Amino acid sequence: MFHTETYGGTREEQYTLVIAQLKALIEGEPSRIANLANASALLGQFLRDINWVGFYLLEGEQLVLGPFQGLPACVRIPLGRGVCGTAAQKRETLVVEDVEQFPGHIACDAASRSEIVVPLVKDGELLGVLDIDSPNLARFDETDRVMLERFVTELAAQL
């Protein structure tokens, strides 16, 4: 049974605890959907000042909505379009301080002001992206980027 933790210590220590919780949640579970759903729920309860967290999964030349926490979202995003499609195409994490300044931003939730997108890659194959939005400008920083990349690496190993 999962219990909500009080996250103390540095942000890195907090993220390390979340990654350990992720391992415990997904270890031995073969269902990709179940693991992605638990991962999005875990991040949703851990991260503050966010309004959407979830996954888009690669199908052909587009990303398709997967498990998430938040308001209903865009269902399909072409590779190379918006923050998610660009991060997927480049296979690199994008941290966007102000989504209104990102060319071609796709506004699924009008309240979103900043965003981080981390590609989900396993054995060199792009599986999709982790997408997190915030209603606050410049919500995400280098610590978020590094630690969410570790989170996604751990998750991808179990998919």
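The values are calculated or read from the model by the stated rules, or taken from the named source; none is laboratory data. Quick caveat: nothing in here was measured; it's all calculated off a predicted structure. So basically every Cβ, Gly included, is an ideal-geometry build from the backbone, and we count neighbours across all protein chains shown. Accessible surface is based on the protein model in full, side chains and every heavy atom, while ligands, DNA and RNA are left aside. Shrake-Rupley method; radii C 1.70, N 1.55, O 1.52, S 1.80 Å.
Which of the residues belonging to segment 109-125 are farther than 19 Å from Ala41 by Cα and either more than 14 Å from the chain's Cα centre (by Cα) or open to solvent by 50 Å² or more (accessible area, probe 1.4 Å) (or both)? Of everything in segment 109-125, those that are farther than 19 Å from Ala41 by Cα and either more than 14 Å from the chain's Cα centre (by Cα) or open to solvent by 50 Å² or more (accessible area, probe 1.4 Å) (or both) turn out to be Ala110, Ala111, Arg113, Val121, Lys122, Asp123, Gly124, Glu125. Within segment 107-129, the set of residues being of a type in the set (Gly, Ala, Ser) and closer than 19 Å to Glu97 by Cβ comprises Ala107, Ala110, Ala111, Ser112, Ser114. Of all residues in segment 46-65, exactly one satisfies the criterion of being within 18 Å of Ile33 (Cα to Cα) and charged (D, E, K, R), namely Glu59. For segment 23-63, residues that are over 15 Å from Val118 (Cα atoms) and either in contact with a Ser or Thr (Cβ under 7 Å, 6 or more places away or on another chain) or not hydrophobic (A, V, I, L, M, F, W, C) (or both) total 19. Pairs linking a residue in segment 138-151 that is β-branched (Val, Ile, Thr) to a residue that is part of a helix (DSSP H, G or I), with Cβ atoms under 8 Å and 6 or more positions apart or on different chains, are Thr143/Arg11; Thr143/Glu12; Thr143/Tyr15. Does Arg48 satisfy the condition of being more than 17 Å from Ile106 (Cα to Cα) and of a type in the set (Lys, Arg)? Yes, satisfied. May I ask you to verify whether Leu25 is open to solvent by less than 80 Å² (accessible area, probe 1.4 Å) and within 16 Å of the chain's Cα centre (by Cα)? It is false that Leu25 is open to solvent by less than 80 Å² (accessible area, probe 1.4 Å) and within 16 Å of the chain's Cα centre (by Cα).
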